[in-house]
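Colleague: Following this message is one structure expressed as structure tokens.
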Ligand code: GLN
């Protein structure tokens with residue numbers, strides 16, 4: 001078995017040399033300012049050993065990766081009743097698609113496309129002030145990452161508030177079907193802000209550990225969710241975590257994973273490791289181009305594909 005530290009260093013070295021880096025997201029203007037040459041990776045194995053390389057301690061905008069954690073929170077609040085508000089099938093559509101929502105009468109296909117994540121945010125918001133709901137999400141991430149320094153990048157949140165016309169359309173459309181309980185502006189405010197949380201690869205990999213270990217953080221012994229729930233969140237990450245690129249990600253990487261338009265990917269090797277990579281250049285589906293290639297190399301060399 002190759003040594004994890006060596007593999008991680010070699011992957012980071014290879015990724016530094018690449019010219020095919022994809023394009024940074026520009027539809028959220030603040031994200032367009034990020035250096036496309038950044039690359040970070042952090043892998044935490046079952047013993048808690050961290051193998052990290054590149055910009056692994058630089059915070060970046062986690063964007064849709066928070067959808068894994070908001071889904072976990074919402075399931076903790078209302079359990080399986082969540083599945084009345086949002087489906088759990090792959091969408092085969094872009095993350096901000098609106099057509100499917102009309103055909104399916106305002107019920108988003110899954111919790112990881114934008115419409116689904118907005119519906120999940122609405123569940124977390126119900127019965128709370130937006131500020132309190134957002135505080136809850138942030139606290140959960142700080143707890144999981146064992147790092148109280150994690151904050152929201154207010155410039156990114158404001159940038160998305162200003163330009164989030166499609167998300168506003170999706171939210172209003174769902175509201176017309178009664179899928180959202182709260183005022184659209186409140187739900188979107190919480191959504192934009194949790195997408196704008198900034199974390200490093202090391203923090204993100206730490207936060208994902210419970211998903212690799214049957215719902216428990218092996219370092220602290222804290223049970224975050226029951227094993228069955230961890231298994232199911234992983235299943236949704238595998239089938240829906242990369243939008244219309246989910247099939248390709250499963251084919252090439254073979255792990256549950258969740259991408260964000262900030263260029264991060266959280267991937268879970270069950271029983272083995274929690275992995276975060278960051279490279280801000282995206283492919284045409286809005287997933288990190290080099291992030292996926294790095295994960296493909298990692299799983300191949302470590303033999304970590306869940307498909308054997
Ligand atoms: N905040 C982004 C949006 O709503 C999240 C999208 C993503 O990361 N794929 O458009």
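Colleague: Evaluate the relative contact order of the range 193-258 (contact order divided by residue number), counting alpha-carbon pairs under 8 angstrom at least 6 apart; express in whole percent.
Modeller: 20
Colleague: Give the relative contact order (percent, whole number) for the range 173-308; include only Cα pairs under 8 Å separated by 6+ residues. Walk me through the intermediate numbers first.
Modeller: Values: 204 pairs, mean separation 26.6, N = 136.
Over the range 173-308, the number comes to 20 percent.
Colleague: Listed highest first by mean packing, meaning other Cβ atoms within 10 Å per residue, what order do 133-141, 223-231, 265-273 come in?
Modeller: 265-273, 133-141, 223-231
Colleague: Still on this model: If you line up the long axis of helix 66-78 against the longest principal axis of the chain, both from Cα atoms, how many degrees apart are they, to the nearest 10?
Modeller: 50
Colleague: What's the FRET efficiency of residue 1 with residue 143 using the Cβ-Cβ distance as r and R₀ = 35 Å, to the nearest 0.05?
Modeller: Efficiency, from the Cβ-Cβ distance: 0.60.
Colleague: Find how much the distance from residue 219 to residue 99 grows on full extension, using 0.36 nm per residue of separation minus their present alpha carbon separation; answer in nm with one decimal.
Modeller: Working: separation 120, 0.36 × 120 = 43.20 nm, distance 4.39 nm.
Between residue 219 and residue 99, full extension yields an extra 38.8 nm.
Colleague: Identify which of 235, 198, 250 has the largest mean-square fluctuation in a Gaussian network model of the chain, with springs joining Cα atoms closer than 10 Å.
Modeller: 235
Colleague: Here is a follow-up. What number, rounded to the nearest 500 deg cm²/dmol, is the helix-based mean residue ellipticity at 222 nm of the chain, given -39500 (n - 2.57) per DSSP H run of at least four residues and division by all its residues? Don't jump to the answer; show the numbers that get you there.
Modeller: Working: 13 runs with 140 residues, N = 308.
Value at 222 nm, helices only, nearest 500: -13500 deg cm²/dmol.
Colleague: Most fluctuating residue of 263, 241, 215 in a GNM of the chain with Cα springs under 10 Å: which is it?
Modeller: 215
Colleague: For the chain, modelled as a Gaussian network with Cα springs under 10 Å, which listed residue fluctuates most, 96, 110, 287?
Modeller: 96
Colleague: Per residue Cα convex hull volume for the range 156-283, in cubic angstrom?
Modeller: Per-residue hull volume (Cα only) is 141 Å³.
Colleague: Something else: Taking 8 Å as the Cα distance limit and 6 or more residues as the minimum spacing, I'd like the relative contact order of the chain as a percentage.
Modeller: Contact order relative to length: 27 percent.
Colleague: Describe numerically, in nm with one decimal, the distance between label points set 7 Å from Cα along Cα→Cβ at residue 37 and at residue 284.
Modeller: 2.8
Colleague: Sort 304, 278 so the one with the fewest other Cβ atoms within 10 Å of its own Cβ comes first.
Modeller: Lowest count first: 304, 278.
Colleague: While we're looking at this one, here's another question. How far is helix 289-302 tilted off the main Cα axis of the chain, in degrees rounded to 10, range 0 to 90?
Modeller: It works out to around 50 degrees.
We did not get these values from a lab; they are worked out from the coordinates using the rules stated. All figures in this text were calculated on a predicted structure; none of them were measured in a lab. In this analysis, Cβ positions are derived from the backbone assuming ideal geometry, glycine residues included, and neighbour counts consider all displayed protein chains.
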